[in-house]
């Protein structure tokens with residue numbers, strides 16, 4: 001689902017709010033999630049799931065085309081654990 005589709009769905013549900021206001025609210029929501037993850041906190045939305053940040057360690061990797069060894073620095077990835085309510089809705 002695209003951001004514009006989410007905002008349009010919210011616009012249909014909440015007619016009293018302008019489209020620009022709903023878009024700003026959605027942007028603030030996403031920025032709050034990103035800032036919280038950058039600060040090392042987990043995001044928990046009851047019934048939906050938990051989003052956390054995991055560390056990929058630095059290591060040497062191999063380029064399969066040239067067989068050259070490259071050093072890959074540590075990076076972070078997102079880990080999502082599905083909530084019980086969402087899991088039960090998807091798997092009746």
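The values are calculated or read from the model by the stated rules, or taken from the named source; none is laboratory data. Bear in mind that the values here come from a model prediction, so they are computed numbers and not experimental data. Backbone-built Cβ (ideal geometry, glycine too); neighbour counts: all protein chains shown.
Observations
- One residue from 51, 28 being at pLDDT 95 or above, within 27 Å of residue 89 (Cα to Cα) and either in the same structural domain as residue 88 (by TED's automatic domain parsing) or out of contact with any helix residue (DSSP H, G or I) (no Cβ under 9 Å at 6 or more places or on another chain) (or both): 51
- Of the residues making up the stretch 29-50, those that are part of a loop (DSSP other than H, G, I, E, B) and either under 23 Å from residue 6 (Cβ atoms) or in contact with a strand residue (DSSP E or B) (Cβ under 6 Å, 6 or more places away or on another chain) (or both) are 42, 46, 47, 48.
- Residues of the stretch 15-34 satisfying the condition of being exposed (fewer than 12 other Cβ atoms within 10 Å of the Cβ) and within 24 Å of residue 86 (Cβ to Cβ): 28, 29, 30, 31, 32, 34
Rundown of residues vs (1) part of a helix (DSSP H, G or I); (2) within 17 Å of residue 33 (Cβ to Cβ), yes/no style:
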| site | (1), (2) |
| --- | --- |
| 52 | no, yes |
| 60 | no, no |
| 64 | no, no |
| 67 | no, no |
| 70 | no, no |
| 79 | no, yes |
| 85 | yes, no |
| 89 | yes, no |
| 92 | no, no |
